[in-house]
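The values are calculated or read from the model by the stated rules, or taken from the named source; none is laboratory data. The structure presented is a predicted model; accordingly, all values stated were derived computationally and were not measured. Quick reminder, even Gly has a Cβ in these numbers, built from the backbone with ideal geometry, and neighbours come from all protein chains shown. Areas reflect the complete protein model, heavy atoms only, side chains present, ligands, DNA and RNA absent. Shrake-Rupley method; radii C 1.70, N 1.55, O 1.52, S 1.80 Å.
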Amino acid sequence: MRQEAQAIVLAAGPGMRMTSLTSHTPKCLLPLGTLPMLCYPLHLLQQAGFSEVSVVVSEGQEQRVGKMVEQYGLKVDLDVAVVSTAHDPGTADSLRQIASKIKQRSVEEVVVISSDLVTDVALQDVLDQHRSRGADLTMLTSPTPSLQTTPPGPKSKTHLNSDIICTEAGSGRLVYAVAGGDYDECVTLQSSLLNCAAPLLLSASTQDAHLYVMKRWLFDYVLNKESPCADMGSLKAEILPHIVSCQFTDHSSNDKLGLSGAVEREEWDDLVKKYNSSVVPSRHHSLAHLQPPVCLTFHHPGLCVRANTLHTYWHLNRKINELFNQVYPNSEWQLRHPTAVIIERAQVSEDSVVGGGTMVCEKTNIASSVVGKHCRINPLVRLSSSVLGDHVTLASGCVIENSLILASVERKCVIKNCIVTDSNKIEEGKTYSGEVLEATQDFA
Amino acid sequence: MAPKAEIHEEQVLQAVILAQCEQDYGDPVTQDVPKVLAPLANTPLLEYSLEWLERCGVEEAIVYCRADTHLETIREHCRAFMTRRGDTTPATTHPGGLRVNVVASEDCHSLGDAMRDLYAKSLLKGDFILLQGDTVTTLDLPALVTEHRESRAADRNAIMTCVYMGEGGKVGTTAEKTTTATLLVSASTNKLLLHRRRGGRSTSSRLSVPTELLQGAGDILAYPAAYDPSVTICSEVVPSLFSDNFDYSTLDSLVRGVIEQEELLGYTIKCRVLEGGYAGRAASINSLIGVSGEVVGRQAYPLVPEVSQTSHRVRYHHDAFTHTYWDPSAKFPKGSMVTGVVVGAGTEVSPTAHLQNTTLGDHCTLGDGVVVRESVVMTGVCVKAASKLEQCWVGDNVVLGEGVVVAPGCVIGAGGHPGGSRRSRPRHQALCAAPPW
């Protein structure tokens, strides 16, 4: 029996854009509103009806990831695959390492999701569009979110260039994609692309959400050592633009496998093209001369955020209490966990999130904050607009404002706009503002 | 549709039709008749524009032409246009109808010269519609002018609205390289960001989009091949820009100049790409034949061949099944061999002739076994038996001998007598003012 689709979640990323947070915890396990980040894509897949998911993790994390299912009440079976992060693999490299695991199944489509995606899209709709329009690759796009919250830590000037995505207006066919940071002053559209004569919509305000649905043969082509993709490390930045441009020109050189050679089409495809008189638009209707692969976009105007930079991670955490039901529907997970103990004289505001097993003592004031699991908030603590990780203890009398605390604060101090990942850096009675308190590496 | 009354004065809707400024048909066609009066489906080209402008409620049309031998013909024609309304019920809503003013100048060689002259004579009083003389259009011009005025009211610097036809409107057969352009338009404000004529001097057709345009303007719509029907709505700033810059000779150069100097001058050009509606430009002989085919195919409804534009009377019978229009006095085989054809008065077509997508003028004679495809034939032409004409233009009083094969793209001037059994070279123009060969 052929399975319809296989899901792969890429969770081996080192979190290059949030290094201060990922020194102790891998990016996929960072807490996002008391749940690890990885739960969100897994829940998304579960909602779409997947019962088995392959998760690609880096070394040493398979235990923790494997236990996630029981811990957080997920109903999918996880097939954990480990890749070595010795040589900084890109997303495609890590897929190649576990290629054998994927090939054992015979599926029609492969869904690849990044572990940091938080969205409320109905994955079933994406798959439906992919199948009904006969696409070989469907990419989820959404308007780039505008983030109003300011993250803690020193003010950084890192301005990431946005992705540029060009689609055929009306049909949503993807004709050109380039990742942010890979282009300079101008973007060149080739003449073969322009021959399709349909109006094209070029957008810099749309982001590629790193959710791809690929046909099986295309996925094999990407992982094949003979194809031109063999040298490309990153799925989003290199392989995707290459596949998109193959719609118009075939980049096959003598020793490499061309895309047209790898295409699998059903036997009756030509017959359908000839006799097709249906009114529902499909790939047989396009004005342009279609060469495989057919790449489409699914534009989702709702919430879609990738928590891979500090800014987006912070934004999601701060807004999680409003968004939770959108992105994590139909679950029994509650934001104010029943096992959390909140003593009566503590003031905890309505929009705060408190994780399980946490103890909030009396005379504390918690406003608009996220408190993780198994924390202990001692008396006389004032916590506002902050995010606490798991197993964090706050000593009495601390005042914490707009900060991200991932390690215990054992001494009384005032912390504003900081990121704390190492307890030892906190000294008694000091005021910290706009700093990152983390463990520095010893070169001894 | 009455124009919107402004605070101080009523704005008169004006149009400028440029006759004889760009791309002429060439001598065999225009030796007797100016280009704008060349018949398209047996109606002069200018008639289509004037009729449509009148229907749109335009009050004044300025026909600008060069002061040469044809000037009097054009003047006469326009006078006849204005006086014809005396004996027909006007179909327009405006009681005054269209006033046609013919302005001529000896030095006019380009659109730029025409604009400068009009500016010097202060004939243009506000926003005006700019048409080329060879455009056949049934676009909703008042709506375009209203949109232009609104965008002008919102942003004083939007000096011009260019109108292009997108995919749905017209693309394909008559879209030549010179009349298609690659456009970049901002999706939110309809501002024209880049304009490039296709198939011009630049051979590379790669499109480089500067990323700062994307960051600044938001989403951009790129039209790789938009058809240019030469319909533009201009404000009063446009003629003054032409007179400031003697380099600007065509509208393209103005567009390019304004876009490049946007920081300096601050002017912007809006662009509307229409998906519906019809506009065709009969710029060259080939496109004349193409547009003629489209008009015969009723794409330019309500400007249809069977209603004479001059007298508003039905002059032809019309068979919708084979798309044929014929004068009551014409004799021709009414069957499936004759499709998409306009047959003029007194024309005799033999029963064995094959006609397809052609226009025959008055008093023509076509012999047995003649095959005519996609051609335009003027009055008094005699085509003897077994001749073949394909995609050509045949002038008045030409006699084609037996078995003449005319290759595509040929133009045979008036009065010529190409003898029997000769084949002409493709795109060969035979100029005949003298007695027969």
The long-range amide H neighbours of A:C186, using H built 1.01 Å from N in the peptide plane and a cut-off of under 5 Å, are B:T211
Can you work out the Karplus-derived ³J(HN,Hα) for every residue in segment A:397-410? Use 6.51 cos²θ - 1.76 cosθ + 1.60 with θ = phi - 60°, whole Hz, and x for glycine or proline. x, 6, 10, 10, 9, 6, 10, 10, 10, 10, 9, 5, 10, 9
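Taking 22 Å as R0, compute the FRET efficiency from the Cβ-Cβ separation of A:M359 and A:Q334 and round it to 0.05. The partial results should precede the final answer.
Working: r = 17 Å, r/R0 = 0.78.
In this case the efficiency is close to 0.80.
Name the trypsin sites (Lys or Arg not before Pro) in segment A:1-62 that are in a loop by DSSP and that have at most 10 other C-beta atoms within 10 Å, would you? Before the final figure, lay out each step's value.
On the way: sites: A:R2, A:R17, A:K27; in loops: A:R2.
Sparse-neighbourhood loop trypsin sites (Lys or Arg not before Pro): A:R2.
Roughly speaking, to the nearest percent, how much of segment A:341-437's 1.4 Å accessible area is carbon and sulfur? Show your work: numbers first, answer last.
Details: 1720 of 3980 Å².
Carbon plus sulfur share of accessible area: 43 percent.
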Other-chain or far-sequence residues with amide H under 5 Å of A:I343's (modelled H): A:V360
Evaluate segment A:341-437: find the radius of gyration of its Cα atoms, find its Kirkwood radius, and give the ratio Rg to Rh. 0.92
Karplus-derived 3J(HN,Hα) from phi for segment B:356-366 (6.51 cos²θ - 1.76 cosθ + 1.60, θ = phi - 60°), whole Hz, x at Gly and Pro, runs 9, 6, 10, 10, 10, x, 6, 6, 9, 9, 10
Taking the radius of gyration and the Kirkwood hydrodynamic radius from Cα positions alone, what is the Rg/Rh ratio for segment A:196-252, to two decimal places? 1.00
Going by a ≥ b ≥ c, the root eigenvalues of the Cα gyration tensor, does chain A fall in the rounded group (a/c under 1.5), the prolate group (a/b larger than b/c) or the oblate group? prolate
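Given a Förster distance of 45 Å, report the FRET efficiency between B:E263 and B:E147 from their Cβ-Cβ distance, rounded to the nearest 0.05.
Details: r = 26 Å, r/R0 = 0.57.
Efficiency for this residue pair is about 0.95.
List the chymotrypsin sites (Phe, Trp or Tyr not before Pro) within segment B:269-378 that fall in a DSSP loop (any state other than H, G, I, E or B) and whose Cβ has at most 11 other Cβ atoms within 10 Å.
Details: sites: B:Y278, B:Y316, B:F321, B:Y325, B:W326; in loops: B:Y278, B:Y316, B:F321.
Here the chymotrypsin sites (Phe, Trp or Tyr not before Pro) that fit, given the DSSP loop and packing criteria, are B:F321.
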For the protein assembly as shown, just run the numbers: alpha carbon Rg, then divide by 2.2 N^0.38 Å, N being how many residues it has. 1.25
The simple spin-label model distance between A:K155 and B:T250, using points 7 Å out along Cα→Cβ, in nm, is 5.2 nm
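What accessible area per residue comes out for segment A:341-437, rounded to a whole number of Å², with a 1.4 Å probe? Before the final figure, lay out each step's value.
Values: 3980 Å² over 97 residues.
Here the residues of segment A:341-437 average 41 Å² of exposed surface.
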Rounded to the nearest 10 degrees, the helix A:310-327 long axis (Cα) sits at an angle to the longest Cα principal axis of chain A of 80 degrees
Between the alpha carbon centres of segment A:57-118 and segment A:358-383 the gap in Å comes to 35 Å
Give me the number: length gained by fully extending A:K430 to A:S84, i.e. 0.36 nm times residue separation minus the C-alpha to C-alpha distance, one decimal in nm. 120.4 nm
Can you compute 3J(HN,Hα) from phi for each residue in segment B:286-302, using the Karplus curve 6.51 cos²θ - 1.76 cosθ + 1.60 with θ = phi - 60°, rounded to whole Hz and x for Gly and Pro? 4, 6, 4, 5, x, 5, 4, x, 6, 5, 4, x, 6, 6, 9, 4, x
Helix A:123-132: angle to the longest alpha-carbon principal axis of chain A, degrees 0 to 90, nearest 10? 0 degrees
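To the nearest 100 Å², how much accessible surface do chains A and B cover up together, summed over both, with a 1.4 Å probe?
Working: alone 20660 and 19010 Å², together 37760 Å².
Approximately 1900 Å² gets buried when A meets B.
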Paramagnetic reach from A:A122 in segment A:299-313 [backbone N under 18 Å; point 7 Å along Cα→Cβ]: A:299-304
